[in-house]
Amino acid sequence: MIKVYNTQEDISSGFRKFLKIIDKNIRKTQINFLPYLLFGIISAESIVPSDIAKSLKDKFTRVQLDSVKKRIKRFFSNKYFEPYNFYDKVIKYVISTYKKKHADKRVHIMFDHMFSHSNYTVFMISMRIGKQGIPLWFRCFEGKSCPDAFKETLIKEGITYVSNLFTEDFELIFLADRWFNSTGLMDHIDSLGHTYVLRMKQNIKVVYLDKKENHEIRKTLAELPRYKYRVMKYPNIKITEEEYETNIVISDYVDTTEPWVLATNKNLNRAIRDYSYRFGGIESIFKNQKSNGFFMESTVKAKLKYFESMYAILCTVTLYLTILGADFAKNTKSYTNVKISTHTNSHGKKIRIMSLFKTGLTLFQIAFNSQKYIRLPFHFTLYDS
């Protein structure tokens, strides 16, 4: 009889061990089914219950497909499954294992909104790993552009949570686009001892000292002097009617319709480089959860509790696959019997062409029911890449 590795039972057992580590008091009904649900989502590459049900084999084949689908839906609707509490345990464990690649302890944090059709709004704070992101904290709301998802109190709550996730060894740099150019957020991040680099709307009023004239000038950010292919720096400038003091950097280098106008409380010389890390980070998470990964857009409208549970589990899956991809990149000697083309050479330079998420998903697909041993870890140790 041919030996088969990484079967459905093997993989579900790996997830079960991890769940028992992060929650010793996890309910029996959850520990019995959630590992299979995590496996089924990855195997089906879909969050749609009918697709997940079709991917579950072995003991599930003895049950009618419709019954398995209903069980999945019941799990998402189960009042005893607390999605935010569950993901809190997952991400706290993962961050406690985080291994930085370099001595540099800078961590780039992004926050933004995602809309699922017109049914739900998600506010998420994520962390940059390689050229993509992983979810750190999120809250879901019913309806598109739900006002509650944009409240400053909510955003501050998430920022405080993320601040407490990391030890003082790390330097957190919060990045956001023009939707978040609030002096309240700037002050909150600054009060926590972290760096912010936020893109500003150009109609914001400013007060700055004209050194030639030696007096204060009142203008808008759009009216500040700027030059093509030159970075302009305005330290200790006052913005908005509150005259909140910050530093402004204007860059017209980038290939955009408008120059970057950035506010930061720390290093002016690093602001542009730091802000560039915002791109591809949080967007990659949303893309992987939708058309590029698990077809979240194909889910039907349901109660908010259903969506929250589904989304917390989906975030856990995308997190795991990204961790798996990072493990493949870090521990290459452990995967000598697996060939995945993750990089290409361009003019003598090694360039990644496959994201960590896609690498993890590809590795999972190769390892599942393989006739040769392939490492498939479930320790959820996060490596920088």
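The numbers here are math on the coordinates, done by the rules we state, and not lab data. Being a predicted model, the structure only gives us computed values, none of them experimental. Here Cβ is always computed from backbone atoms with ideal geometry, including for glycine, and neighbour counts include all displayed protein chains.
Calculated from the structure at hand, Rg and Dmax of the Cα atoms in Å is found among (i) 26.6, 90; (ii) 23.1, 88; (iii) 22.9, 69 as (ii).
Here the range 60-178 is described by how far its Cα atoms reach on the three principal axes: 54, 35, 27 Å, from widest to narrowest. Of the residues Ile47, Ile95, Ser67, the one whose Cα sits farthest toward the positive end of the charge dipole of the range 1-140, with +1 on the Cβ of Lys and Arg and -1 on the Cβ of Asp and Glu, is Ile95. Rounded to the nearest 20 debye, the dipole size of the range 10-88 about its Cα centre is 420 debye, using +1 on the Cβ of Lys and Arg and -1 on the Cβ of Asp and Glu.
Could you work out [θ]222 nm for the chain from helices alone, using -39500 (n - 2.57) per DSSP H run of at least four and dividing by all its residues? Round to the nearest 500 deg cm²/dmol. The partial results should precede the final answer.
Working: 11 runs with 142 residues, N = 385.
Rounded to the nearest 500, it is -11500 deg cm²/dmol.
Ellipsoid fit via the Cα gyration tensor, the range 208-249: semi-axes of 17, 13, 10 Å, each the root of five times an eigenvalue, largest first. Can you give the angle from 0 to 90° between the axis of helix 28-44 and the longest principal axis of the chain, with both taken from C-alpha atoms, to the nearest 10? Between helix and principal axis, roughly 80 degrees.
So what's the net charge close to Ser55: Lys and Arg +1, Asp and Glu -1, counting the other residues with Cβ under 13 Å from its Cβ? Please list the in-between numbers first.
On the way: positive: Lys54, Lys57, Lys69; negative: Glu45, Asp51, Asp58.
Taking every Cβ under 13 Å from that of Ser55, the sum is 0.
The label-point distance for Asp23 and Lys287, in a model that sets each label 7 Å from Cα toward Cβ, rounds to 3.1 nm. Look at the dipole of the chain built from charges on Cβ: of Ile11, Leu136, Ser309, the Cα furthest out on the positive end belongs to Ile11.
With only Lys, Arg, Asp and Glu charged, each at its Cβ (+1 for the first two, -1 for the last two), find how big the charge dipole of the chain is about the Cα centre; round to the nearest 20 debye. Write down the numbers at each step before the final one.
On the way: 61 positive and 38 negative charges, 345 e Å.
That gives a dipole near 1660 debye.
Computed over the range 302-370, the Cα gyration tensor eigenvalues convert (square root of 5λ each) into semi-axes of 30, 15, 9 Å, ordered from largest to smallest.
Farthest towards the positive end of the charge dipole of the range 153-307, among the residues Leu221, Val162, Met186, is the Cα of Leu221, using unit charges on the Cβ of Lys, Arg, Asp and Glu.
Under a Cβ-only charge scheme (Lys and Arg +1, Asp and Glu -1), can you give me the dipole magnitude of the range 156-244 about the Cα centre, in debye to the nearest 20?
Details: 14 positive and 14 negative charges, 154 e Å.
So the dipole magnitude of the range 156-244 works out to roughly 740 debye.
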